[in-house]
Every structure is written in structure tokens, then in C-alpha cells.
Amino acid sequence: MAVPGLLLARLAVAFVAITGTSGMRCEKSDRNDIGCSFPARAVCLIVGVDAFPSRGYGMVTLGMRDFRMVHYADGKPTGDLTLRTLAMPSDANAAGDIFGGWVMAQMDLACGIRAAERAKGRVVTAAVKEMSFAKPMKIGDTLCIYTVVERVGRTSMTLKVEAWAQRYLSDLMEMVTHADFIMVALDGEGKPKAVPAEH
């Protein structure tokens with residue numbers, strides 16, 4: 001079949017082999033990666049074929065992932081995975097440690113997402129309770145923020161937030177820090193408004 005030289009023809013075939021029937025589910029972080037839920041022992045095989053007719057060659061890529069790979073060093077996260085992001089060199093000090101303020105900013109972003117969903121509108125951070133860092137983040141680590149709405153008042157919400165680091169090119173997940181964030185729901189004029197009842 002003739003294909004224009006500038007056209008990239010891509011064929012992607014996904015094959016999922018179920019290697020067990022335990023009924024367990026993969027971790028939240030895995031569900032976030034693939035957008036669906038598989039039994040815990042599922043192995044996903046991705047086959048990608050890239051064809052460049054004008055250049056006379058093609059490339060085939062294979063990738064496999066065993067969803068049992070993630071290992072949590074400090075128990076398991078509490079809440080739902082709300083945000084994942086990569087720690088880059090611009091976020092680090094001269095020693096390669098990620099700034100604590102950057103981690104806190106990502107936690108604040110995750111809280112804003114979760115609280116806005118619950119409040120069905122605009123929210124603002126009112127307070128952050130004591131936060132201490134148990135372990136450092138390093139360049140290349142993936143920061144995973146887990147949140148749960150613990151309490152809802154008339155205009156405010158208290159969220160428990162945990163920040164975990166998936167170490168660079170590793171299956172190890174370690175808790176970096178955790179804190180309670182208090183978020184307040186606002187109306188269109190920026191004034192506190194009642195948080196709607198959850199249906």
C-alpha cells in the first residue's frame with residue numbers, strides 16, 4: 001500500500017495476558033498509568049510498530065509490565081492517587097535534593113483538585129498543619145500525591161495528604177511527607193460559601 005512520505009503510519013496492538021485469578025486489583029498508581037483496573041497478576045504486553053516508508057525502515061518496540069512490581073517501604077498510601085509528577089533538575093538544590101517547597105506546592109495542587117471536586121467550585125488553601133520530611137526526593141523520582149477528604153465543615157474541608165516518591169528507575173515507593181490541609185470553598189465573589197452535601 002502506498003503511503004505518502006510524510007505520513008507516519010502507526011500500528012499499536014495491546015495484548016493482556018492474565019496469569020492469575022486471585023481477584024485482587026492493581027495499585028492505584030497502576031490504574032492511573034493505564035486508565036483501567038486489571039487483576040493483580042496481569043501482565044500487559046504492548047507492541048508498537050512505526051513505519052517510515054520514505055526512509056525505508058521500520059521500528060518495532062516491545063514493552064512488558066508486571067503490576068506486582070511496586071514495592072511500598074512504609075506501608076501503603078492512604079487515600080486516592082490525585083497527582084503524579086516527575087522531579088526535574090530545576091526543582092533541586094546543588095546536592096540534587098528536591099526543594100521541600102516544591103513538594104509542598106504539588107501537595108497543595110493535589111488538594112486543590114480534590115477539594116474543588118468535593119466543593120463543586122472554587123477553593124482556597126486556608127492552613128497547613130505541621131509537616132515534616134521523613135525522606136528526601138531526588139532528581140528523577142516520581143512524586144505521587146494521595147489525598148482523602150477526612151472532614152467537611154460548613155465552608156471548610158480537612159484533607160489528609162501523603163507524598164510518596166517512586167525512586168528513579170526503581171519499583172521502590174517511599175513516603176516523603178504527609179500533612180493535613182484545610183481548604184475553604186469560595187463563591188464567585190471570593191467569599192466563603194457552604195460546601196454542598198455529598199449525594
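The values are calculated or read from the model by the stated rules, or taken from the named source; none is laboratory data. Every value quoted in this text rests on a predicted model; they were computed, and no experiment measured them. Please note: Cβ atoms are built from the backbone with ideal geometry, for glycine as well, and neighbour counts cover all protein chains shown.
Mind listing whichever residues of segment 152-168 are within 16 Å of the chain's Cα centre (by Cα) and of a type in the set (A, V, I, L, M)? VAL161, ALA163, ALA165, listed by residue number.
Residue-by-condition table, conditions (1) in contact (Cβ under 8 Å) with a residue 60 or more places away in the chain; (2) within 21 Å of ASP171 (Cα to Cα); (3) exposed (fewer than 13 other Cβ atoms within 10 Å of the Cβ):
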| site | (1), (2), (3) |
| --- | --- |
| ALA92 | no, no, no |
| ASP97 | no, yes, no |
| MET107 | yes, no, no |
| GLY112 | yes, no, no |
| ALA119 | yes, no, no |
| VAL123 | yes, no, no |
| ALA126 | no, no, no |
| MET137 | no, yes, no |
| ASP141 | no, yes, no |
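On the stretch given as segment 134-157, residues that are farther than 13 Å from HIS178 by Cα and hydroxyl-bearing (Ser, Thr, Tyr) total 3.
A quick yes/no check of all residues on (1) at pLDDT 95 or above; (2) in a strand (DSSP E or B):
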residue: ASP108; (1), (2): yes, no
residue: ARG114; (1), (2): yes, no
residue: GLY121; (1), (2): yes, no
residue: VAL148; (1), (2): yes, yes
residue: MET157; (1), (2): yes, yes
residue: TRP164; (1), (2): yes, yes
residue: ALA194; (1), (2): yes, no
residue: HIS199; (1), (2): no, no
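Under 18 Å from HIS71 (Cα atoms), surrounded by fewer than 18 Cβ atoms within 10 Å (Cβ to Cβ) and of a type in the set (Phe, Trp, Tyr): does that describe TYR168? Taking the combined requirement at face value, the residue satisfies it. Quick one: how many residues across segment 172-192 are in a loop (DSSP other than H, G, I, E, B) and either of a type in the set (Gly, Ala, Ser) or surrounded by 19 or more Cβ atoms within 10 Å (Cβ to Cβ) (or both)? Looking only at that region, the number is 2.
Flag: VAL128 does not match the condition of being touching a helix residue (DSSP H, G or I) at 6+ places or on another chain (Cβ under 6 Å), β-branched (Val, Ile, Thr) and at pLDDT 95 or above.
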